[in-house]
Amino acid sequence: MILTEANRNDVTQLLPLVEAIPPIAGKPGAPKRKPDCVQADRGYDSDPHRARLASRGIATKIARRYTEHGSGLGRTRWVVERTIAWLHQFRRLRIRYERQPEIHEAFLTLGCALICWRFLEA
């Protein structure tokens, strides 16, 4: 997750979000440092971003603007939408009351931790 100012375009945060992914260890060999594929909705449709991700060896499944719906991303994209809906169950995240971004980011981190804990507990 990345916290941004209000009214920021989502596509501006695509590359910083991918770069912020920490190395994933646990399997034999070197830790994985990049995703195999990036899936995104039409808000992230940008050929320069596709090219920059491809130059890093990351495949993209980004829906194109002004095309018919049915990109097939819905089968796996629902995980993201479900998680956002779970975050909106927390009143302090649904409506932002805090003026300082550090406080809001702390509540966002706490919300993500609670979601993970509830998911693992079940």
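The values are calculated or read from the model by the stated rules, or taken from the named source; none is laboratory data. These figures come from a predicted structure and were not determined experimentally. No Cβ is skipped: glycine too gets one built from the backbone with ideal geometry, and neighbour counts run over all protein chains shown.
Being assigned to a loop (DSSP other than H, G, I, E, B) and at pLDDT 90 or above narrows it down to one residue among Gly70, Gly57; which is it?
Result: Gly57 is the single residue among Gly70, Gly57 that is assigned to a loop (DSSP other than H, G, I, E, B) and at pLDDT 90 or above.
So Glu98 fits all but one of (1) within 19 Å of Gly111 (Cβ to Cβ); (2) assigned by TED's automatic domain parsing to the domain that holds Phe119; (3) under 15 Å from the mean Cα position of the chain (by Cα); what number is the exception?
The single condition Glu98 does not satisfy is (3).
Thr83 passes all but one of (1) assigned to a loop (DSSP other than H, G, I, E, B); (2) under 24 Å from Ile115 (Cα atoms); which number fails?
(1)
If Cys37 satisfies every condition in (1) surrounded by fewer than 13 Cβ atoms within 10 Å (Cβ to Cβ); (2) outside the structural domain of Leu17 (by TED's automatic domain parsing); (3) in contact with a strand residue (DSSP E or B) (Cβ under 9 Å, 6 or more places away or on another chain) but one, which is the exception?
(2)
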